[in-house]
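Participant: Here you go, one structure.
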Amino acid sequence: LLAAVVRAGYAKAYVFDFYASLATADGFRRITAATTLVDITGSHWEPPDRKLVAQSRKAEREGIRVTTFDWDRHAEGFLALVRSTERRHGRRHPFYGEGFYRRLAALARDDDRVQWLMCEHDGRPACSHIYQLENGTLQGWQIVFDKAFSFLHPNQHMRLWMCQRMAAAGICRLNLGGSPDNAPGLRAFKDRWGGGPIEYAVWE
């Protein structure tokens with residue numbers, strides 16, 4: 001697979017070797033990346049930050065509801081969340097197009113390794129979370145949300161909701177991903193879930 005990537009002549013390619021399965025990769029150079037890994041073992045797991053738990057319970061009391069993403073029901077609202085989130089980050093156009101998300105939604109219907117959740121309030125989309133499952137690890141891949149609902153804490157509620165269900169199913173780790181150097185607020189939010197940073201290999 002790696003040889004095929006090299007032959008194809010991609011301008012940029014990254015292979016994340018989280019489990020150190022490659023000793024070398026011809027045509028690639030090894031760099032180091034970091035992520036935040038949280039132990040969520042146990043059916044009654046909760047984050048150490050009690051405020052997160054309180055915020056999740058507030059969201060539930062206020063009527064925030066988590067559902068499995070369905071393209072036919074949620075696509076329009078989800079794509080609006082994508083556009084507004086990208087604008088907040090100063091990007092004029094979404095990084096992924098509608099066709100990509102449509103195919104991902106089809107995959108999520110048939111493959112439990114893709115977990116896509118939608119959070120709604122009074123029928124309006126509040127946020128969307130997409131996770132991937134691999135080797136007992138829940139990997140957070142994408143979050144998009146409507147900032148108008150921030151006071152209801154839908155992101156906190158959905159993440160805790162997901163972690164508790166995955167922990168009960170035997171998943172033991174939450175991978176929160178890396179954080180850019182210029183995003184101290186994001187790093188602080190991840191720290192509230194417990195765990196800590198670990199380094200792993202990336203082949204570039």
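Participant: Carbon-plus-sulfur fraction of the accessible area of the chain, 1.4 Å probe, in percent? Provide the component values of the computation, followed by the final result.
Facilitator: Working: 6020 of 11930 Å².
Carbon and sulfur atoms account for 50 percent of the accessible area of the chain.
Participant: Let me ask another. If the viscosity is 0.692 mPa s and the temperature 37 °C, what translational diffusion coefficient in µm²/s does Stokes-Einstein give for the stretch 1-110 when Rh comes from Kirkwood over Cα pairs?
Facilitator: On the way: Rh = 19.0 Å.
The estimated diffusion coefficient comes to 173 µm²/s.
Participant: Mind checking the angle between helix 50-61 and the chain's longest principal axis? C-alpha axes, 0 to 90 degrees, to the nearest 10.
Facilitator: Its long axis makes an angle of about 60 degrees.
Participant: Right, something else. Rounded to the nearest 0.05, what FRET efficiency is calculated for SER21 and ASP110 with R0 set to 30 Å and r the Cβ-Cβ distance?
Facilitator: For SER21 and ASP110, the calculated efficiency is 0.70.
Participant: Compute the length gained on full extension between VAL53 and ARG73: take 0.36 nm times their separation in residues and subtract their Cα-Cα distance, giving the result in nm to one decimal.
Facilitator: Working: separation 20, 0.36 × 20 = 7.20 nm, distance 2.91 nm.
Result: 4.3 nm gained on full extension.
Participant: Here's a follow-up. Reachable lysines from LYS12, Cα under 29 Å, same-chain residues fewer than 8 places away excluded?
Facilitator: Hits, sequence-local ones excluded: LYS190.
Participant: Calculate the spin-label point distance for THR41 paired with VAL5, positioning each point 7 Å from the Cα along the beta-carbon direction, and give it in nanometres.
Facilitator: Output for this residue pair reads 3.1 nm.
Participant: In addition: Could you state the accessible area per residue of the stretch 111-186 in Å², with a 1.4 Å probe and every protein chain left in place?
Facilitator: 44
Participant: Who wins for biggest fluctuation among PHE149, PHE28, PHE78 in a Gaussian network model of the chain, springs between alpha carbons below 10 Å?
Facilitator: PHE28
Participant: Counting only helical runs of four or more DSSP H residues, what would the 222 nm mean residue ellipticity of the chain come to if each run contributes -39,500 (n - 2.57) and the total is spread over all its residues?
Facilitator: -11000 deg cm²/dmol
Participant: In the P(r) worked out for the chain, what percent of Cα pairs fall beyond 21 Å?
Facilitator: The proportion of pairs with Cα distances above 21 Å equals 59 percent.
Participant: Next up: Sum up the charges of everything whose Cβ sits under 14 Å from the Cβ of ARG124, counting Lys and Arg as +1 and Asp and Glu as -1, but leave ARG124 out.
Facilitator: Neighbour charge sum, excluding ARG124 itself: -2.
Participant: In addition: Roughly what angle does helix 98-110 make with the longest principal axis of the chain, taking Cα atoms, 0 to 90 degrees, to the nearest 10?
Facilitator: 80
The values are calculated or read from the model by the stated rules, or taken from the named source; none is laboratory data. These numbers come from a predicted model, not from an experiment. Here Cβ is always computed from backbone atoms with ideal geometry, including for glycine, and neighbour counts include all displayed protein chains. Only protein heavy atoms, including side chains, enter the accessible area calculation; ligands, DNA and RNA are left aside. Shrake-Rupley method; radii C 1.70, N 1.55, O 1.52, S 1.80 Å.
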